[in-house]
Each structure stands twice: as structure tokens, then as C-alpha cells.
1. For the pair residue 85 and residue 107, what calculated FRET efficiency results from E = 1/(1 + (r/R0)^6), where r is the Cβ-Cβ distance and R0 = 22 Å, to the nearest 0.05?
2. Dipole magnitude of the range 135-223 about its Cα centre, charges +1 at Lys/Arg Cβ and -1 at Asp/Glu Cβ only, in debye to the nearest 20?
3. With a cap of 12 neighbouring Cβ atoms within 10 Å, and only residues DSSP puts in a loop, list the trypsin sites (Lys or Arg not before Pro) found in the range 98-165.
4. Please list, in order along the range 235-241, the HN-Hα scalar couplings obtained from phi with the Karplus expression 6.51 cos²θ - 1.76 cosθ + 1.60 (θ = phi - 60°), rounded to whole Hz, x for Gly and Pro.
5. I want to make sure I understand the PRE zone here: with the label point 7 angstrom from the Cα of residue 206 toward its beta carbon, which residues in the range 121-163 have backbone N atoms less than 20 Å away?
6. How about residue 101: which lysines have a C-alpha closer than 25 Å to its C-alpha, ignoring those fewer than 8 places off in the same chain?
7. With a point put 7 Å past each Cα toward its Cβ, work out how far residue 195 is from residue 249 in nm, to one decimal.
8. Give me the base-10 log of I(q)/I(0) for the range 115-252 at each q in 0.09, 0.18, 0.19 Å⁻¹, Debye formula, one uniform scatterer per Cα, rounded to two decimals.
Amino acid sequence: MGKAGFAFVVVCVLGFVSLLTQPGWAAGQPVIFYACVNAQTGFLYNQYKGTHPRCRPGDTITSWNQVGPHGPQGPIGIQGQKGDKGNPGPQGPVGPGAVVKDAQGVVVGVVDSSSNVFRKVADTVVQFQTTRQGFVQRLDLWYESADCSGQGLMHIFDLPFMQGQALGITLYYPSASLGATILSSHSFAPMQESVCTGKGTNYFFIPPNTCCEVFPHPEPDSSIFGAGVVFAPFSTADLSGFVPPFHLEVQE
């Protein structure tokens, strides 16, 4: 895809993201969105509403906002008669829009932004990152323990979907919330041992590819991402059925 076509897709999908989040806005109150910018690819990741994301070392944060005008009150319509309940229809094909497909033509997900897609996993809509080579490899987990042991937790933001991450052939995404949590450590993978231990004395390496950051003082979950962000154990989904390389298609 040429630069012009790529930019067109980015503009379109960013508009799609704003539509997803607009219903929760109050009229006249601007909402600021933040995202990390990958220093090497320019792709956006960790998109949050109203709070700064935690970015990878070397990456930067960008932000934008949008406020729509308050429309006039429409007239009250006439109450119609209650109809009979119809039978469920068959599953329809993927609707209009941009989708990512694998080498076998299987739909990976509906495009959200330049590298993000949406996919329904069981009863949950999950957002995660892809590239032409496959799934972006990144997994961040938080722990109540001080050594990245025990149940790993993922954050849940005030969004109409869950934000997932892929490591290997497994998709991780948050499930039911735990409520208020005190966090003592944070792991991220994949990472080389030399890079991990070079970050500081409060980092240590967990083979084969995980770096653990120990917090100097345990922190409430609200101090990491802001109020309204909660943490939850993760669920997983198998991604082994998708075959790279991936490609973009526009459904009409």
C-alpha cells in the first residue's frame, strides 16, 4: 500500500475510534485521548481516554481531542405497537470497512487504527495490535507480589472493549475486575536479559524472556493509570490458527 493509501486508512479508522467513544462524553466537555508512538514504526499503541499511557522506553506520547456540537432536542415520536419477537437470523458476513486477513484469507479482525484490530473472543470484544508479519509481541502484567509471582493482572479502562496483548501464539485480555488493588511489581515481555538488568537495580530478569520491575513502594492501582482504571486477572485465546503474513482488505 502506498503512503497516500495508508494515510487514508489511518484517517478513516481514527474517525471510527472517535465514534466508539463519543457516547460517553458530556456536551461541551472536551475529552483528551492519549497514545504511545512507536519511535521506530510511528504506530500508535496503548490508546487511553483522559489519562496518560505507560509507554516503552524511547517511545513518546501524543494526544488529541474532539468535541461535537450539542444538537437540538428532537420531537417525541408516536408510540408504536409492540411487535412479535422474531427468530434469530443466521450469522452475516463481515460488513463494510477495513479488515485484516491472514495468508489463508481468514479474517483476523476489523481495523481500528494503523496497527490495531478488533476481534470478538467469546462474548468479549478485544483490541490488539498486528503488523504484516503477524501479531505484535508484547505482554504487560501487574502483580500484588513484590517479585512478579502469583496471579498476573491486566488493566481495564473505561472503554467499550478490552485491550489485549499477544505473546507467542496466545492472546491475553482482562476478565472480571478485582476492584481496588495494591500493586508491587510489573512484568513485561519479551525482553533480553541484558536490556532488563541495564534498566536499574529494581529490575531483574525471569527466563526465558521476561523483565520484572519491583516498585520501591507498593502503589494503589489508581496511582498508575489514574482514577477509574481497575485491574483484573486475564483470560487467553489461541492464535495458532492464523498464518502470517497478514494483509489489509477493504470490504465494500
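Rule-based calculations on the coordinates, nothing more; no lab input. Since this is a predicted model, take the numbers as computed values, not measurements. Cβ coordinates were reconstructed from backbone atoms using ideal geometry, including for glycine residues, and neighbour counts include every protein chain displayed.
1. Numbers: r = 30 Å, r/R0 = 1.37.
Once the sixth-power term is evaluated, E becomes 0.15.
2. Values: 2 positive and 8 negative charges, 46 e Å.
Computed charge dipole of the range 135-223: roughly 220 debye.
3. Values: sites: 101, 119, 120, 132, 138; in loops: 132, 138.
Here the sparse-neighbourhood loop sites are 132.
4. For the range 235-241, the Karplus-derived couplings read 10, 10, 9, 7, 10, 5, x Hz, x marking Gly and Pro.
5. It comes to 137-156, nothing else.
6. 3, 120
7. 3.4
8. Each listed q maps to, in turn, -0.30, -1.08, -1.17.
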